[in-house]
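Engineer: Take this structure, written in structure tokens, and hold onto it; I'll ask about it next.
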Amino acid sequence: MASNKKPVGVNFEKILQSLQGDVQEMKTEYDETCLPINDDNKHLHQFCDRLEFIFNFNMIEGSSFLSGRKDVWQYFCKCLANRRNIHDGLKIVKANTELKTSIGRFRCFVRYCLVHQCLGDVAQQCVDNKSITRQFYQEGALTLNLQLLPTLLGCLYQLCDIPFDLPPSGHDLDVSWPTFTR
């Protein structure tokens, strides 16, 4: 059953406020400059770091020989396996030979979703798949929080109004999010 229980030491309300602030700042910058958001934008960096934290928080640590270690990239792949509308994005990320880690693939996929203005839809499709979400997340994860999920999804849907110019390669996404445009 989904939980509204707060995890100890993590203030999701504050994290979501910061996430919303980052989105608003990116929207304001776009409105003022009419230029797409790129890797030079500090609010993009903060947004991506926070989003990565949210999707990694309270993920089930266990692994088995057959299923391997559970991680956020596997979560997205499993949730979206039968979704034709995002299949190209998954294929592009899987085919990127520069990426060696699951976290690098997750970061690349988030960038793909930002460029294609579908991050809200993708996240919604994942968290709506309750059976898979429960397989990957423990109680206390934001992905299982019925009160705060609408805030997260609303924030991600706001990104549909902002164009992004984020190249899919050329950065070491296995190490970190890019901090400048190449």
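The values are calculated or read from the model by the stated rules, or taken from the named source; none is laboratory data. Just so it is clear, the model here is predicted, and its values are computed rather than measured. Virtual Cβ from ideal backbone geometry, glycine too; neighbours counted across all protein chains shown.
For (1) closer than 20 Å to residue 165 by Cα; (2) of a type in the set (A, V, I, L, M, F, W, C), each residue gets a yes or a no:
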| residue | (1), (2) |
| --- | --- |
| 59 | no, yes |
| 100 | no, no |
| 104 | yes, no |
| 117 | yes, no |
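Engineer: Just one of the numbered conditions (1) loosely packed, with under 13 Cβ neighbours inside 10 Å; (2) not in a loop (DSSP other than H, G, I, E, B) is not true of residue 175; which one?
Structural biologist: Among (1) loosely packed, with under 13 Cβ neighbours inside 10 Å; (2) not in a loop (DSSP other than H, G, I, E, B), residue 175 violates only (2).
Engineer: Any residue that is among the polar types (S, T, N, Q), farther than 20 Å from residue 44 by Cβ and at pLDDT 90 or above - is there at least one of those in the stretch 73-91? Full working, then the answer.
Structural biologist: Here is the first cut: in the stretch 73-91, the ones among the polar types (S, T, N, Q) are 74, 82, 85.
Okay, now just the ones that are also farther than 20 Å from residue 44 by Cβ, so 74, 82, 85.
Those left that are additionally at pLDDT 90 or above: 74.
Yes, that holds for at least one residue.
Engineer: Residues that are within 27 Å of residue 146 (Cβ to Cβ): which helices (runs of 4 or more DSSP H) entirely in the stretch 31-128 hold 3 or more of them?
Structural biologist: 42-56, 72-80, 102-115, 119-128
Engineer: Is at least one residue of the stretch 138-150 modelled with pLDDT of 95 or more and hydroxyl-bearing (Ser, Thr, Tyr)?
Structural biologist: No, the stretch 138-150 contains no residue that is modelled with pLDDT of 95 or more and hydroxyl-bearing (Ser, Thr, Tyr).
Engineer: Can you name the residue in the stretch 97-150 that is in contact with a strand residue (DSSP E or B) (Cβ under 7 Å, 6 or more places away or on another chain) and aromatic (Phe, Trp, Tyr) and, of all such residues, is surrounded by the most Cβ atoms within 10 Å (Cβ to Cβ)?
Structural biologist: 137
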